[in-house]
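Enquirer: Before anything else, here's the structure in question.
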Amino acid sequence: MSSQREIRLNAFDMNCVGHQSPGLWAHPRDRSWQYKDLEYWVDLARLLERGKFDGLFIADVLGIYDVLNGSGDAAIRQATQVPVKRSAGSDHPNGAGDGASGLRPDRLAVV
């Protein structure tokens, strides 16, 4: 058994501008304003893959930011927030969580 300990690197993001990082929106390389674009999330997954990160935690909220015709169904129907990381060529597992709805944990799958 090796005496070296591994460190796990996980990134944190949320589908909004500047969550937990006020003022960083002014940084010249900030792209968080593009959170509604698929390319933003794919690029982030690729960046984390290159940096050898172990995972990406995408925080959720007690609601849905965007609604279509007064309903949040369109935002969650296809669950695009989960499989999009796969399109970036990532070999890290994805996990889906739902802390706000009261669903039993076995109703969600790790993909």
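Enquirer: Could you tell me whether the range 21-40 includes any residue that is loosely packed, with under 15 Cβ neighbours inside 10 Å and on the phi > 0 side of the Ramachandran plot?
Expert: Start the filter on the range 21-40 by keeping residues that are loosely packed, with under 15 Cβ neighbours inside 10 Å, which leaves 21-31, 33-34, 36-39.
Cutting the leftovers down to on the phi > 0 side of the Ramachandran plot gives us 23.
The answer is yes; a qualifying residue exists.
Enquirer: Would the range 36-45 turn up any residue that is of a type in the set (Ser, Thr, Tyr) and either at pLDDT 85 or above or in contact with a helix residue (DSSP H, G or I) (Cβ under 6 Å, 6 or more places away or on another chain) (or both)? Full working, then the answer.
Expert: Of the residues in the range 36-45, the ones of a type in the set (Ser, Thr, Tyr) are 40.
Restricting the remaining residues to those that are either at pLDDT 85 or above or in contact with a helix residue (DSSP H, G or I) (Cβ under 6 Å, 6 or more places away or on another chain) (or both) gives 40.
Checked against the condition, which is being of a type in the set (Ser, Thr, Tyr) and either at pLDDT 85 or above or in contact with a helix residue (DSSP H, G or I) (Cβ under 6 Å, 6 or more places away or on another chain) (or both), the range 36-45 yields at least one hit.
Enquirer: Quick check on the range 1-54: of everything there that is charged (D, E, K, R) and outside any loop (DSSP other than H, G, I, E, B), which residue is farthest from the chain's Cα centre (by Cα)?
Expert: Restricting attention to the range 1-54, the residues satisfying the condition of being charged (D, E, K, R) are 5-6, 8, 13, 29-31, 36-37, 39, 43, 46, 49-50, 52, 54.
When the remaining residues are screened for being outside any loop (DSSP other than H, G, I, E, B), the result is 13, 39, 43, 46, 49-50.
Working: Asp13: 6, Glu39: 13, Asp43: 12, Arg46: 13, Glu49: 14, Arg50: 17 Å.
Selected residue: Arg50.
Enquirer: From (1) part of a helix (DSSP H, G or I); (2) loosely packed, with under 13 Cβ neighbours inside 10 Å; (3) at pLDDT below 85, pick out the condition that doesn't hold for Arg86.
Expert: (2)
The values are calculated or read from the model by the stated rules, or taken from the named source; none is laboratory data. All figures in this text were calculated on a predicted structure; none of them were measured in a lab. Positions of Cβ are backbone-derived with ideal geometry, glycine not excepted, and every protein chain shown enters the neighbour counts.
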